[in-house]
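Working notes for the structure below.
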Amino acid sequence: MPKNKAIFFDRDGTLNVDVDYLHDPADFVWTEGAIDAVRWANTHGYLAIVVTNQSGVARGYFPENDVTRLHDWMNAELQKCGAHIDAFYYCPHHPAAKIPAYRQDCDCRKPAPGLLLRALREHDIDPAASLMIGDAPRDITCAEQAGVRGVLYTGGDLCAAVRGAINT
């Protein structure tokens, strides 16, 4: 049986406008073409998976359930537009965390590839047929360490960036 293919999306700065320690849907703004990019992935046989660092949890700025609540809200908004995220993976850790339970140098905080490797395994994804799009060098490093092609998003229409990356 053939493996799945995926488009991994960084969250802050890629799918949404980067707001420091975003955790409240009231502060969420989609980037240009983000909804279309997710819908494009859905309709072209790609799993759409979010991979994001969320150190605000470790820093004590918000609880972990705020992250899942925001992700649920994102999917509800996407579903209104005929799109969906298949899975969300996030790292709540930070080596200098205020909250001891989250103070660790883990393998899931990008640029480490732990979250991508977990997603690849859990969703039977072929890394060579997939890509990760993110706005920071750590996203590209993370992707490359997991055997996935990394694409640096520098702004503009995210859907056009995804389509262009797939066609190259």
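The table for this structure:
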{"quantity": "Output for region 1-23, where each listed residue is open to solvent by 60 Å² or more (accessible area, probe 1.4 Å) and within 23 Å of ARG109 (Cα to Cα)", "calculated": "LYS5, VAL17, ASP18, ASP20, TYR21"}
{"quantity": "Among the residues listed as VAL57, VAL50, the single one being under 17 Å from PHE28 (Cα atoms) and of a type in the set (A, V, I, L, M)", "calculated": "VAL50"}
{"quantity": "Tally of residues being in a helix (DSSP H, G or I) and open to solvent by less than 40 Å² (accessible area, probe 1.4 Å) across region 109-126", "calculated": "5"}
{"quantity": "For PHE88: the one exception among (1) open to solvent by 10 Å² or more (accessible area, probe 1.4 Å); (2) assigned to a strand (DSSP E or B); (3) more than 25 Å from TYR61 (Cβ to Cβ)", "calculated": "(3)"}
{"quantity": "In region 132-159, residue farthest from GLY13 (Cα to Cα) [restricted to those that are in a loop (DSSP other than H, G, I, E, B) and of a type in the set (D, E, K, R)]", "calculated": "ASP157"}
{"quantity": "Any pair with Cβ under 6 angstrom, 6 or more apart, that starts in region 45-61 at a residue that is under 22 Å from ILE125 (Cβ atoms) and ends at one that is of a type in the set (Asp, Glu)", "calculated": "LEU47/ASP86; ALA48/ASP86; ILE49/ASP86"}
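The values are calculated or read from the model by the stated rules, or taken from the named source; none is laboratory data. Here the structure is a predicted model, which is why all the values come from computation and not from measurement. Here Cβ is always computed from backbone atoms with ideal geometry, including for glycine, and neighbour counts include all displayed protein chains. Quick note on the areas: whole protein, heavy atoms, side chains included, nothing else; ligands and nucleic acids left out. Shrake-Rupley method; radii C 1.70, N 1.55, O 1.52, S 1.80 Å.
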